[in-house]
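The values are calculated or read from the model by the stated rules, or taken from the named source; none is laboratory data. Just so we're clear, the structure is a prediction, and the values are computed from it rather than from any experiment. Methodologically, a virtual Cβ is constructed for each residue, glycine included, from the backbone with ideal geometry; neighbour enumeration extends over all protein chains shown. Side chains included, ligands, DNA and RNA excluded: accessible areas come from the protein's heavy atoms. Shrake-Rupley method; radii C 1.70, N 1.55, O 1.52, S 1.80 Å.
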Amino acid sequence: MNLSFKNKVAFVTGAANGIGRAAALAFAREGACVTVVDISEQGNQETACQIEDIGGRALAVTCDVTRLEDVKSALDQTVGTFGRLDAAFNNAGVEQKQLVPLAELDEAEWDRIMTIDLRSVFLCMKYEIPLMLKHGGGAIVNTSSGAGIIGIKGNPAYTAAKHGVIGLTRAAALDYAAANVRINAVCPGYIDTPMMARFTGGTAEGRARVISEEPIGRMGQPEEIANAVLWLCSDAVPFIIGHALVIDGGQTIM
Ligand code: NAP
């Protein structure tokens, strides 16, 4: 099974932290040149340094993935620096500030979540796909969530956005399947990242509450998502198209 990304170029958003950083490092370990993209400049630079420390090549681009000009510029810089684009992991995202029933969710928070968690995935794919088509194809993975396949109480905007990511993934996958651009999604369960630290309040009680919803009895690690992302982007799985891969310790089958 060929999981090598030697001579390939990967683009990872949300790369300053958590799942995105783990994926950026995993792509680099397998030989890819990696563009690391995040709104957080410092964390993003740290990820690039970690890639260089393991002998990889990285380009750090500070970018707000909700802004068309930022996304386009980050991709232009990728091709300018590394010459092509083979794999993209559209992963940047945020959680709702608070868990609230729908009628108590204000419009600004709805718009913020939909813009960062869904519109950004559209914008990224809109500019990634033509770059991939230029050299015969590529692979894209978008980050959805367990909230992309089941309803989450008190989380209407996030749940809608993550369901939207799967719909967008499937529609785009059909548009480009015959052109050899494979588009899939991952649906992580509870993963131990800075986002999860905010969600649990960083307390032992908060962590225990989340873990109680995980049949496996623990949170997932960012590397467990990263490994699946690399597999979906690799040449090992050319027949996987438009799939939403659930990686959640059993959370959503309870
Ligand atoms: P994280 O630790 O908060 O990392 C996400 C990164 O995205 C952060 O560095 C964040 O920067 C960045 N970001 C936020 N808004 C951005 C924007 N507009 N443009 C560019 N970068 C932006 O989160 P994570 O847990 O790794 O989550 C990654 C993805 O997995 C998200 O889409 C999330 O919804 C999804 N997910 C996570 C879990 C989980 O349990 N952790 C479960 C299911 C799905 P700042 O920190 O500066 O905001």
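Side notes on the structure shown:
- Amide H within-cut-off set for Leu245, under 5 Å, with H built and near neighbours excluded: Ala185, Val186, Cys187
- If R0 is 51 Å, the Cβ-Cβ spacing of Asp175 and Ile211 corresponds to a FRET efficiency of close to 0.80.
- Between 0 and 90 degrees, the angle of helix 222-233 with respect to the longest Cα principal axis of the chain falls at about 40 degrees.
- Along each principal axis, Cα extent of the range 1-134, largest first, Å: 50, 31, 30
- Seen against the Cα atoms of the chain and their longest principal axis, helix 120-134 is set at about 20 degrees.
- Surface/4 estimate of mean projected area, convex hull on alpha-carbon atoms of the range 139-224, nm²: 6.4
- Trp110 accessible area, 1.4 Å probe, all protein chains in place, Å² to nearest 10: 100
- Long-range HN-HN contacts of Ala236 with modeled amide H, under 5 Å: Asn2
- Note on Ile150: accessible area approximately 60 square angstrom, rounded to 10, probe 1.4 Å, nucleic acids and ligands left out.
- Partner lysines for Lys97 [C-alpha distance under 17 Å; skip if fewer than 8 residues away on the same chain]: Lys153, Lys162
- Taking the DSSP beta bridges with both ends in the range 9-246, the antiparallel portion is around 0 percent.
- Computed extension gain for Gln50 through Leu102, at 0.36 nm per residue and net of the alpha carbon distance, reaches 14.6 nm.
- Nonpolar atom fraction for the range 9-246, defined as the carbon and sulfur part of the 1.4 Å probe accessible area, stands at 54 percent.
- In Hz, Karplus ³J(HN,Hα) per residue of the range 205-213 (6.51, -1.76, 1.60; θ = phi - 60°; x = Gly, Pro): 5, x, 5, 5, 4, 5, 5, 5, 8
- Placing pseudo-labels 7 Å out from each Cα toward the beta carbon at Ile253 and Asp235 gives an inter-label distance of 3.2 nm.
- R0 of 35 Å, Cβ-Cβ distance Thr203-Arg29: FRET efficiency to nearest 0.05: 0.55
- Placing a label point 7 Å from the Cα of Arg112 along the Cα-to-Cβ direction, the residues of the range 61-105 with a backbone N closer than 18 Å are 64-67, 92-105.
- What the chain shows is 45 Å² of accessible area per residue, with the surface traced by a 1.4 Å probe over protein heavy atoms.
- Accessible surface, 1.4 Å probe, highest first, among residues Lys162, Lys134: Lys134, Lys162
- Normalised by the number of residues in the chain, the average gap of Cα pairs under 8 Å and 6 or more apart makes the relative contact order 20 percent.
- Ignoring lysines fewer than eight residues from Lys8 along the same chain, the ones with Cα atoms less than 25 angstrom from its Cα are Lys72, Lys126, Lys134.
- Translational diffusion of the chain, µm² s⁻¹ [Kirkwood Rh, Cα pairs; Stokes-Einstein; 4 °C; 1.567 mPa s]: 72
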